[in-house]
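Notes follow the structure.
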Amino acid sequence: MDLLPLAVFSVIFLLVSAFWYSRILNNLRKELPPLPPGPRGLPILGYLPFLDRNLHHQFAILARKYGPIYKLWLGSKLCIVVTSPSLIKQVVRDQDTVFANRDPTIAALLGTGGVDIINSPYGPYWRNLRKLFAREMLSNANLDASYVLRRNEVRRAIRNVHEKVGTGVDIGELIFVTELNVVLSLLWGSGTFEGEKRDMIGAEFREKVSKFIELLEKPNLSDFFPVLAKFDFQGIVKEMKGLMPSFDEILDYVINDRLKIMDSGQVEGEVSGGKRGKDFVQILLDLKEQKVAEESMTLTQIKALLIVSIFHVLVEIKLANIVPFVQFLSPSFIVLKYNPMFLIQTSING
């Protein structure tokens, strides 16, 4: 008999929740332009309970049923799935500015403060970041200049395998470590950490980067239901807050070391083909001294860009060499590798 009031309260609560959800949904439908078709899902939860681990297969099946563009409610987030090459071209090239802004995940906000190239809102600052990233980090000239660095790291990896003849070698981990060492050398040069310190810092950094990627990939209820963010049911916020001081410590060491070199009048760089060039950290610190507001950067922005640079490259490595498909989902812009599909969060104002 004591359970009867609780049961009655639960039923009333569910009915009231369903009623308000229905009202909110109806209001949104009145304010929004006509939406494409899509599966209905459940009240409040949307289509989340029905998501399969093989998202690319599931999205392909839904595309055959609902067409090349369809909608999905994931919690309180409305998402549009685009599957045809012509529509994808509209999204990523012809109408890219319309889809440029998106809500960052809770983990991403804690990791970089939302001032990085992935989560910054579209505008002059973001365009400057993209130009800087493409020109200084991904340009052919920079890749050519880093040939010696890349060759040395590959040789180091080969020696490592040779020394372990007769024992098991985790090739995925070896590729990850080698590419991380290459990226770190591109970012702040190979002379920042040397010898045993290089190995010790490298091992710690690899562990932190792997954990950082794991937290960003982890589906977070707070991203689908923002009202739950303050409760942190999955502990992602707590873990990210505990992780970031380690990144700050390493990046502070790198930046302070480079500032000392700059104050002494020296120019740090890597020699390749008789030429000496600046690494990414020095380029960013030079921008910090710029008087033009659009081009100037704060230390927080520099750290965020360094972290995202590492994250971007290593995610590509994981996709290309370790896992055949991205097995995570967030309400941000997601490129589903090896399948011509995009999941795009739409903006809902109301």
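The values are calculated or read from the model by the stated rules, or taken from the named source; none is laboratory data. Note that the structure is predicted; figures quoted are calculated from it, not measured. Reconstructed Cβ throughout: ideal geometry from the backbone, glycine too, with neighbour counts over all protein chains shown.
Only residues that are touching a Leu at 6+ places or on another chain (Cβ under 7 Å), in a loop (DSSP other than H, G, I, E, B) and in contact (Cβ under 8 Å) with a residue 40 or more places away in the chain were counted in segment 209-251, giving 1.
From the set of residues in segment 8-39 that are exposed (fewer than 10 other Cβ atoms within 10 Å of the Cβ) and part of a loop (DSSP other than H, G, I, E, B), which is modelled with the lowest pLDDT? Filtering segment 8-39 for residues that are exposed (fewer than 10 other Cβ atoms within 10 Å of the Cβ) and part of a loop (DSSP other than H, G, I, E, B), the one modelled with the lowest pLDDT comes out as PRO33. Number of residues in segment 217-264 that are under 25 Å from ASP279 (Cβ atoms) and hydrophobic (A, V, I, L, M, F, W, C) equals 10.
Taken together, the residues in segment 98-132 that are in a helix (DSSP H, G or I), under 26 Å from ILE88 (Cβ atoms) and modelled with pLDDT of 75 or more amount to 5. Set side by side, the residues ARG135, ARG150 differ, and just one is within 21 Å of LEU287 (Cβ to Cβ) and not aromatic (Phe, Trp, Tyr), which is ARG135. Total residues in segment 50-76 satisfying the condition of being among the polar types (S, T, N, Q), under 25 Å from PRO226 (Cβ atoms) and assigned to a loop (DSSP other than H, G, I, E, B): the figure is 1. So for segment 77-87 (the condition being outside the structural domain of ILE213 (by TED's automatic domain parsing), at pLDDT 75 or above, buried (at least 20 other Cβ atoms within 10 Å of the Cβ) and part of a loop (DSSP other than H, G, I, E, B)), does at least one residue qualify? Within segment 77-87, one or more residues are outside the structural domain of ILE213 (by TED's automatic domain parsing), at pLDDT 75 or above, buried (at least 20 other Cβ atoms within 10 Å of the Cβ) and part of a loop (DSSP other than H, G, I, E, B).
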